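The values are calculated or read from the model by the stated rules, or taken from the named source; none is laboratory data. All figures in this text were calculated on a predicted structure; none of them were measured in a lab. For neighbour counting, all protein chains shown are included, and Cβ atoms are generated from backbone atoms with ideal geometry for every residue, glycine included.
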Amino acid sequence: MTRNTAFASALAAVTLFALPTSALADIPDPVRAMIDAAIAGGDETKIRTVIELARETNPDDAAEIDAILANYEADLAVAAKAAEAEKIEAIRNAGIFENWSGKGELGGFRSTGNTSNTGVTAILSMKREGIDWTHKINARADYQENEGVANRERFLASYEPNYNVSDRLFIFGLAQYERDRFQGISSRYAVSGGLGYQIIDQPSLKLSAKAGPAFRVTDFVDGRSESQIAALFGVDFDWDITDRLTLTHDTNAVAEAGGAATVIIDSSNTSIDLVTGLNAKISNSLTARLSYAYEYDSNPPPGAVGTDTLSRVTLIYGF
């Protein structure tokens, strides 16, 4: 006997024995057997359908049948509450390397701006959701060679912990590293923290924004180095247009697209990173993605332009 079958049988027994004997006696044996079998099967939709049919075909026993349904729903609520408590306890006791989910992307791109070529791109995103904390890790690499010489080489990695103050308000932290030699940046480090708010939080539409102070250190390829106090603004937008077409970064729909923007402003240079995309789900774990990235620096090093665009075509594997 499986665990689910045992649970269904126990639920059926609790439901029936909780009823007054007089209630069970009034219901015809075939009808009672039909309801018993449905409850033992554990399919809630089927159970409700059978009970509704029993009520329609036996109107004189409607009160007794309603009593069976009420007891079943009460036991269902108790079981759901116990399952939720068990889930929360498992999350609280999970180790640091447990409960992570993520996705990996691999594909090609075409760039314009400082370079106008095609190449390869790889992206890794991981997320761990707890009771109050959410941890996000992202890494991205774009690389290309032309006749054996690299003409695009950009790496970006970030770690963002979020603490939920309420259902909508959260505190965030952010540590970010990037390298783009063809933009004149040998390495750039940024740390930030502040407040975020879930402006819209509906099943099909989500919009959040965050803002806070930041500190940024930039090492240029010409040997110069700058340290600046900055401000960070971020926006994340997800919209399920239909069951099969969704504007989001994380969905099970057949197609999706997404948009997220991060702006870092300091006294000498403003950086904007904007990404949108269109995803087509191939299977439960494999998705094809077409995305467009806009990268802007208001004060690029000598010899570099301020705007880069990048169109990517990738395959995403979720795990």
Practice task
Check the range 170-191 and report whether any residue there is at negative phi, exposed (fewer than 14 other Cβ atoms within 10 Å of the Cβ) and not small (Gly, Ala, Ser).
Solution key: no
Exercise for the section: With the checklist (1) modelled with pLDDT of 85 or more; (2) assigned to a helix (DSSP H, G or I) in hand, flag the one item LYS87 doesn't pass. Expected result: (1)
Handout entry: the range 192-227, subset assigned to a loop (DSSP other than H, G, I, E, B) and of a type in the set (S, T, N, Q), residue surrounded by the fewest Cβ atoms within 10 Å (Cβ to Cβ)
Key = GLN202
Practice task
Consider GLY259 carefully, then state whether it is at pLDDT below 80, part of a strand (DSSP E or B) and under 23 Å from ARG140 (Cα atoms).
Solution key: yes
Practice task
Within the range 157-172, track down each residue that is over 20 Å from SER101 (Cα atoms), in a strand (DSSP E or B) and not aromatic (Phe, Trp, Tyr).
Solution key: LEU169, ILE171
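Conditions tested, residue by residue: (1) in a helix (DSSP H, G or I); (2) surrounded by 13 or more Cβ atoms within 10 Å (Cβ to Cβ).
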position: ASN71; (1), (2): yes, yes
position: ASP75; (1), (2): yes, yes
position: GLU98; (1), (2): no, no
position: GLY119; (1), (2): no, yes
